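**Student:** Take this structure first; my questions come after.
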Amino acid sequence: MVQFRRAAALLPVVFLLATAHAQSPASQVDIRYDIPTDPQFQPIYEDLKRRAVLERLQGFLSPLRLPKKLTLRTAQCGATGGYKSGEPVTICYDLVKHIIDVAKQNTKDPSEQSLMIYGTFVEAALHHTAYAVFDLLNVPILGRIDDAADRLAAFTMMQFGDKVAYTTIVGTATFFQYSKQTWTGSDFASEASPDAQRFYNYLCIAYGGDPLTFQFFAPRPGPSMLPRLSEKRAKRCEGEYLQVRHAFNLRIMPYIDPALLIKVRAGQWLNSDEIATGVK
């Protein structure tokens, strides 16, 4: 429980990215909350909108200078969400409900629940957005695109300070464990890498980029609340992180406004003065 106590100290986090009160910088990302037709998703729709979750994501992505506008939306879609060329990046209410259900079914601790909900939502949102970035910037993909999207999502989380990195990475790792290692649903595994393989790619980027903060992912004997990398994989993680950083600097960084990036990095994306409650 050491990891969870540390997370609670970093939190209490308000659900998702809706905690900062500063104005979001101008963005090439449009946002849209689609009204669900199924009544069970209505509270989720209302809560996401009330907390201005997409507005926070919009601000988080504002340094990107894309060749055309990109729309980020939440919608009822019967799956986890995703992206197709020319269409919005979609985060499904179905996925949000699944994340909340897993969190609340496995722990009564509000801090642990918030950790899982926050971390997994952000990973899913950045994972889906990575597809759009690859598409709009014509980034060549060697290997499976899901692997590349997860590495980019993890790398992005690592760029916004220890609190954001720790909360999102550990939150997703905790969710993975409680969901019986099925990641965020079977749709994530279709015609792509197995969920567990993708998950350890994700952890490896975190450990390789900051082995001190994420030392609990390192191999060691004895039981653990969170998954651990194998000894052979852990030795490779720094190289994997540097590989992603090199690719990012070469193909994506030229499309990022450096002044806005500094401003966004300086923003308070987690507000420790507010209590996380999740969607009720």
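**Student:** Would you point out which residue out of Y83, Y131, Y118 is among the hydroxyl-bearing types (S, T, Y) and modelled with pLDDT of 90 or more?
**Tutor:** Values: Y83 fails: modelled with pLDDT of 90 or more; Y118 fails: modelled with pLDDT of 90 or more.
After applying the criteria, what remains is Y131.
**Student:** Then there is this: Being farther than 22 Å from L64 by Cα, modelled with pLDDT of 80 or more and touching a helix residue (DSSP H, G or I) at 6+ places or on another chain (Cβ under 9 Å) is true for just one of T168, T174. Which residue is that? Full working, then the answer.
**Tutor:** Values: T168 fails: farther than 22 Å from L64 by Cα.
T174 is the lone residue from the list that is farther than 22 Å from L64 by Cα, modelled with pLDDT of 80 or more and touching a helix residue (DSSP H, G or I) at 6+ places or on another chain (Cβ under 9 Å).
**Student:** Restricting attention to helices (runs of 4 or more DSSP H) lying wholly within region 41-118, give those where 2 or more residues are touching a residue at least 60 places away in the same chain (Cβ under 8 Å) and surrounded by fewer than 21 Cβ atoms within 10 Å (Cβ to Cβ).
**Tutor:** Numbers: elements: 42-50, 53-60, 93-106.
Those helices (runs of 4 or more DSSP H) span 42-50, 93-106.
**Student:** Might you check whether a residue that is closer than 14 Å to G82 by Cα, among the polar types (S, T, N, Q), buried (at least 23 other Cβ atoms within 10 Å of the Cβ) and modelled with pLDDT under 80 occurs anywhere in region 188-206?
**Tutor:** no
Here's the yes/no breakdown for (1) over 11 Å from the mean Cα position of the chain (by Cα); (2) farther than 19 Å from Y207 by Cβ; (3) hydroxyl-bearing (S, T, Y):
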site	(1), (2), (3)
V89	yes, yes, no
V102	yes, yes, no
N106	yes, yes, no
V122	no, no, no
H127	no, no, no
T167	no, no, yes
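**Student:** Just need a number here: residues in region 4-38 that are under 24 Å from K263 (Cα atoms) and either modelled with pLDDT under 50 or in a loop (DSSP other than H, G, I, E, B) (or both).
**Tutor:** Summing the residues that are under 24 Å from K263 (Cα atoms) and either modelled with pLDDT under 50 or in a loop (DSSP other than H, G, I, E, B) (or both) in region 4-38 gives 19.
**Student:** For region 39-62: of the residues being at pLDDT 90 or above, in contact with a helix residue (DSSP H, G or I) (Cβ under 8 Å, 6 or more places away or on another chain) and of a type outside the set (A, V, I, L, M), which is farthest from V164 (Cα to Cα)?
**Tutor:** Ranking the qualifying residues of region 39-62, first place goes to Q40.
**Student:** Something else now. Condition check: touching a residue at least 24 places away in the same chain (Cβ under 8 Å), assigned to a helix (DSSP H, G or I) and buried (at least 20 other Cβ atoms within 10 Å of the Cβ). Does A148 satisfy that?
**Tutor:** no
**Student:** May I pose another question? Please tell me if C237 is in contact with an Asp or Glu (Cβ under 6 Å, 6 or more places away or on another chain) and at pLDDT 85 or above.
**Tutor:** When the stated conditions are applied, C237 does not pass them.
**Student:** Is it true that some residue in region 152-165 is among the polar types (S, T, N, Q), part of a helix (DSSP H, G or I) and modelled with pLDDT of 85 or more? Step through it out loud before you land on a result.
**Tutor:** Just the residues of region 152-165 that are among the polar types (S, T, N, Q), to begin with: 156, 159.
Filter once more, keeping what is part of a helix (DSSP H, G or I): 156.
So of that shortlist, the ones also modelled with pLDDT of 85 or more come out as 156.
Yes, some residue in region 152-165 is among the polar types (S, T, N, Q), part of a helix (DSSP H, G or I) and modelled with pLDDT of 85 or more.
The values are calculated or read from the model by the stated rules, or taken from the named source; none is laboratory data. Just so you know, these numbers come straight off a predicted model, no measurement behind them. Cβ: placed from backbone, ideal geometry, glycine included. Neighbour counts: every protein chain shown.
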